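Inspection log for the structure reproduced underneath, given as structure tokens.
Derivation of every value follows stated rules applied to the coordinates shown; laboratory data play no part. Note that the structure is a prediction, hence the values are computed from the model and not measured. Virtual Cβ from ideal backbone geometry, glycine too; neighbours counted across all protein chains shown.
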Amino acid sequence: MSDQVSQKPKMKQMNMIQAINSALDVKMSQDPDVLVFGEDVGFFGGVFRCTAGLQEKHGLHRCFDAPISEGGIVGTAVGMGAFGLRPVVEIQFADYIYPAFDQICSEAARLRYRSNGDFTAPITIRSPMGGGIHGGTSHSQSPEALFTHIAGIKTIIPSNPYDAKGLLIKAIEDNDPVVFFEPKRLYNGPFDGDPHSPAKNWGGHELGLVPEGHYTIDFEKARIHRAGNDLTILCYGTMVWVAEAAVEATGVDAEIIDLRSLSPLDLDAIVKSVTKTGRCLILHEATRTSGFGAELIAEVQEHCFYALEKPIMRVTGWDTPYPHALEWEYFPGLERCSRAITRIMED
Amino acid sequence: MVAHKTSRKNISNLHVPEPLNRPGATPDFSDLHMPDLVSDKTHTLPRPIPLVDAFETEQLASGLVRVLTLDGRAKGPWDPKLDADTLRLGLRNMMLTRSVDKRMFIIQRQGKASFYMKSLGEEAIAVASAMALKDDDMVFPSYRQQGLLLTRGYPLRDLMCQVLSNSGDKLEGKAIPICYSSREKAFYSIGASLGTQMSHAVGWAMACAYKGTDGVSCAFTGEGATAEGDFHYALTFSSTYRAPAIINIVNNQWAISSFQGIAAGASKTFAYRGLGFGLASLRIDGNDFLAVYAAIKWAAERARTGGGATVIEHFTYRKEGHSTSDDPSKYRAKDEPNAWPLGDPVDRLKRHLILMGEWDDERHEALEKELDAYVLKTYKEAESFGTLTTQTGINPATMFEKVYEDMPEHLRRQRQELGI
Ligand SMILES: Cc1ncc(C[n+]2csc(CCOP(=O)(O)OP(=O)(O)O)c2C)c(N)n1
Ligand SMILES: [Mg+2]
């Protein structure tokens with residue numbers, strides 16, 4: 001791993017919420033230009049508690065509540081970023097990022113280009129994404145592909161506390177706008193895709209062991225979650241853990257690649273793995289058509305065509321809004337993923 | 001009053017507002033919601049101290065703050081009492097802007113540039129604002145405040161090269177003509193999505209306050225674009241965080257072909273909207289150089305001393321087409337620009353200076369000639385760097401630069417694919 005850990009780190013067991021909180025705390029302590037704001041993030045500390053205690057520790061002027069105005073939150077962040085601050089804003093749910101879409105797409109993403117480097121927007125937009133918490137149509141969406149389609153921003157999705165902190169610090173320090181999606185189903189523990197299995201937490205998990213201080217993880221570097229020889233599974237966020245469970249259930253020697261950074265993408269890691277295994281399965285929670293999986297399929301077929309033994313497959317959410325009652329029929333869970341693994345391994 | 005060659009009836013109860021003067025009509029502005037211009041009443045509106053309670057600006061938001069009378073006198077408490085040199089400089093900057101616009105329009109018609117937008121009739125707003133602000137107060141313009149750049153001494157050749165998208169363009173042809181950017185001149189990058197700059201300006205102002213500088217941001221939007229969400233975000237955030245911002249609405253009566261009533265609806269004035277957010281709000285005569293100067297000074301002082309944002313509606317008129325792609329005779333009465341009751345900003349300041357004994361017609365004409373010659377000479381220099389239709393001279397490899405700070409792998413591969 002190319003992680004840059006400053007000195008010998010003191011480690012602490014954290015869940016993803018604590019890891020994100022710690023990243024914000026570390027950066028706010030280091031850099032007075034880092035500001036945190038969003039809906040309910042101030043006194044209360046955010047509806048998922050990711051900013052808990054930051055206002056008390058760093059002051060009202062460093063971490064504060066914003067009006068319920070996603071466009072205004074990102075718009076003012078762009079202005080602050082142009083000035084030279086490094087705002088980190090929270091969009092309460094990814095499902096509510098659309099009012100800010102124009103500011104992200106037409107402004108944050110293009111400011112550097114259209115001004116030829118004269119003005120930049122070094123901002124971080126954090127937002128909880130994904131399903132698995134009975135959020136229905138309005139609190140479950142995975143809109144990452146809308147953002148990977150935009151030139152000028154970076155799209156990051158961590159799958160565990162260790163990555164979340166290192167990637168978030170990297171995002172804050174990055175001089176380009178970063179959309180940082182947090183799979184909310186993973187906040188408290190990994191999730192194997194089976195709603196009936198008992199909830200796990202990050203306690204005792206090695207990826208829940210997080211340096212207390214400053215460290216970063218480079219973008220454009222995928223993480224080999226599990227090494228294997230017979231199948232490559234490309235995934236990110238919650239689906240990393242579903243993949244792990246499905247691989248265990250099927251007993252296939254699969255290589256699970258946690259992309260972590262969708263844009264920029266670690267194409268080398270993907271090509272290397274698929275060239276080795278000859279089979280590629282893509283998993284994402286987002287809807288299928290024009291999903292990020294389509295992009296991955298295009299890249300894999302272009303770069304690994306002659307190594308492929310089977311057509312590339314994908315398991316995704318259905319092309320419907322995220323239903324409330326039928327959440328587990330929608331979610332590409334353990335069963336569907338296992339079935340796909342079995343199928344792609346048939347000769 | 002609204003005379004149509006073909007009558008377009010509305011036989012339903014749905015109210016669809018219509019402008020005063022459609023093509024074919026004899027322009028008449030007597031129904032325009034505007035205070036009595038002939039009497040001097042509008043010149044006696046009070047000038048409160050800048051830290052006044054926002055709600056006490058109500059009559060300033062519904063009235064019309066003016067200094068210059070139509071016959072050229074400076075009158076009333078808003079008179080900024082500028083000396084003759086400053087006034088002459090203002091006149092010069094407005095005339096320079098006008099001359100540049102004239103030239104760029106011509107070269108666009110000659111096919112040398114893809115697009116241009118004039119600010120004819122609205123020059124006082126940009127020029128007086130730039131003169132009233134500090135040079136490092138960041139301005140967040142729309143596409144019709146080129147006068148800000150020119151007043152701040154941005155090199156004219158660079159501006160023209162931007163319009164020509166040639167090898168002299170500091171933006172390397174990345175942005176369409178008129179979407180200038182100059183951090184050095186505290187002129188924010190113009191985007192083409194209307195209204196988005198308004199919340200950037202408020203964010204910038206919040207950053208000024210956060211860092212404890214005495215900086216002020218000054219944003220401009222057309223009246224049409226006030227209907228965008230961003231305008232409301234900007235008012236909300238500047239109200240909540242008491243941001244040191246100046247929020248200018250340039251009400252030039254038209255948004256391409258739709259008249260101001262389409263955005264205004266039944267609201268009293270555009271300035272009046274600021275009051276609902278608890279922001280000090282002024283409506284001013286935008287063709288009155290002195291009124292613009294005085295209002296911006298007042299708002300900047302209010303912002304700098306902790307009073308928060310001011311909303312200023314500049315009441316003016318777009319004398320020409322929206323852009324080089326527009327033909328206004330298709331939707332408004334031909335003579336409307338000349339019938340505009342608030343006159344022309346250059347003529348009015350000129351008359352004022354003449355009345356003061358500080359200017360005359362000969363000097364005016366000579367200045368006009370001097371500026372035209374300077375603009376033409378500079379244009380020739382600019383054109384020597386290429387034009388969009390001949391050779392831009394821009395290296396194609398630059399297309400992939402400045403998307404990100406560092407070029408990611410996939411862009412590197414795409415650049416190779418293009419063969420450079
Ligand atoms: C978001 C967005 N919608 C539409 C347009 C197209 N458009 C460009 S200028 C314009 C009219 C704007 O009118 P106004 O705000 O009054 O400004 P003015 O041109 O009068 O200065 C429109 C509709 C745009 N650039 N951006
Ligand atoms: Mg307009």
So how tilted is helix A:238-250 from the main axis of chain A? Cα-based, degrees 0 to 90, rounded to 10. 20
Residue among B:Asn251, B:Asn338, B:Asn21 with the largest mean-square fluctuation in a Gaussian network model of chain B, springs linking Cα atoms under 10 Å: B:Asn338
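Within the set A:Lys10/A:Lys221; B:Lys75/B:Lys377; A:Lys310/B:Lys402, which residue pairs have Cα atoms separated by over 31 Å? Intermediate values should be presented prior to the final figure.
Working: A:Lys10/A:Lys221 24 Å; B:Lys75/B:Lys377 40 Å; A:Lys310/B:Lys402 40 Å.
Where the Cα-Cα span goes over 31 Å, the pairs concerned are B:Lys75/B:Lys377; A:Lys310/B:Lys402.
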Measure off 7 Å from each Cα along the Cα-to-Cβ vector at B:Glu18 and B:Ile49, then give the distance between these two points in nanometres to one decimal. 5.1
How large is log10 I(q)/I(0) at q = 0.15 Å⁻¹ when the Debye formula is applied to the Cα atoms of region B:95-162, each weighted equally and without solvent? -0.47
Going residue by residue through region A:156-170, the Karplus relation 6.51 cos²θ - 1.76 cosθ + 1.60 with θ = phi - 60° gives ³J(HN,Hα) values, rounded to whole Hz and with x marking Gly or Pro, of 10, 9, x, 10, 6, x, 4, 5, 4, 5, x, 6, 5, 4, 4
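How many partner chain Cβ atoms sit within 10 Å of a residue's Cβ in peptide A:56-69, on average, as a whole number?
Details: counts 0, 0, 0, 0, 0, 4, 1, 0, 2, 1, 4, 6, 1, 9.
What the average comes to for A:56-69 is 2.
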Could you work out the relative contact order of region B:216-363? I mean the mean sequence separation of Cα pairs under 8 Å and 6+ apart, divided by the number of residues, in percent. 26
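Per DSSP H run of n ≥ 4, the term is -39500 (n - 2.57); total these for chain B, divide by its residue number, and report the mean residue ellipticity at 222 nm rounded to 500 deg cm²/dmol. Could the numbers behind the result be given before it?
Details: 14 runs with 157 residues, N = 420.
Rounded to the nearest 500, it is -11500 deg cm²/dmol.
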Highest average packing first - A:195-205, A:159-169, Cβ atoms within 10 Å: A:159-169, A:195-205
Determine, from the Cβ-Cβ distance of A:Val47 and B:Asp83 and an R0 of 56 Å, the FRET efficiency 1/(1 + (r/R0)^6), rounded to the nearest 0.05. 0.45
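In peptide A:103-115, what is the residue-averaged number of other protein chain Cβ atoms found within 10 Å of each Cβ? Can you show the working numbers first?
Numbers: counts 7, 0, 1, 4, 8, 2, 2, 7, 6, 7, 10, 11, 14.
The per-residue average across the peptide is 6.
With +1 assigned to the C-beta of every Lys and Arg and -1 to the C-beta of every Asp and Glu, and no other charges, what is the dipole magnitude of the protein assembly as shown about the Cα centre in debye, to the nearest 20? Intermediate values should be presented prior to the final figure.
Working: 81 positive and 97 negative charges, 215 e Å.
The calculation lands at about 1040 debye.
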Magnitude of the Cβ-charge dipole of chain B, K/R +1 and D/E -1, about the Cα centre, nearest 20 debye? 560
Tell me, rounded to the nearest percent, the portion of alpha carbon pairs in the protein assembly as shown spaced more than 53 Å apart. 21
So how far apart, in nm, are the two label points at A:Glu335 and B:Tyr374 if each is 7 Å from Cα heading toward Cβ? 7.9
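Over chain A, calculate the relative contact order: mean separation of alpha carbon pairs under 8 Å at least 6 apart, over the residue count, as a percent.
Details: 815 pairs, mean separation 59.9, N = 347.
The value is 17 percent.
Send over the semi-axes of chain B's equivalent ellipsoid, whole angstrom and largest first, taken as the square roots of 5 times the C-alpha gyration tensor eigenvalues. Numbers along the way, then the final one.
Details: eigenvalues 224, 136, 119 Å².
Taking √(5λ) for each Cα gyration eigenvalue gives 33, 26, 24 Å.
In whole percent, what relative contact order does chain B give with Cα contacts below 8 Å and a gap of six or more residues? Spell out each step's value before the answer.
Values: 822 pairs, mean separation 97.3, N = 420.
Reported relative contact order: 23 percent.
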Give the order of A:Leu60, B:Leu194, B:Leu282 when sorted by the count of other beta carbons within 10 angstrom, beginning with the fewest. A:Leu60, B:Leu194, B:Leu282
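Please report the projected area of chain A's Cα convex hull averaged over all directions, in nm². Mind showing how you got there, number by number?
Values: hull surface 67.1 nm².
For chain A, the mean projected area of the Cα convex hull comes to 16.8 nm².
What's the exposure ranking of A:Asp258, B:Asp288, B:Asp361, A:Asp25, going from fewest to most Cβ atoms within 10 Å?
B:Asp361, A:Asp25, A:Asp258, B:Asp288
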Using only Cα atoms, find the angle between the long axis of helix B:84-109 and the longest principal axis of chain B, and express it within 0 to 90 degrees, rounded to the nearest 10. 50
With springs only between Cα atoms under 10 Å, which of B:Ser30, B:Ser182, B:Ser114 fluctuates most in a Gaussian network model of chain B? B:Ser30
State to the nearest 20 debye the size of the charge dipole of region A:81-121 about its Cα centre, where the only charges are +1 on K and R beta carbons and -1 on D and E beta carbons. 220
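Would you mind ranking A:Val74, A:Val300 by Cβ crowding within 10 Å, fewest neighbours first?
On the way: A:Val74 33, A:Val300 23.
Ascending Cβ contact count within 10 Å gives the list A:Val300, A:Val74.
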Over its Cα atoms, what ratio of radius of gyration to 2.2 N^0.38 Å does region A:124-188 give? 1.12
When the convex hull of the Cα atoms of region A:223-345 is projected onto a plane and the area is averaged over all directions, what value comes out in nm²? 6.8
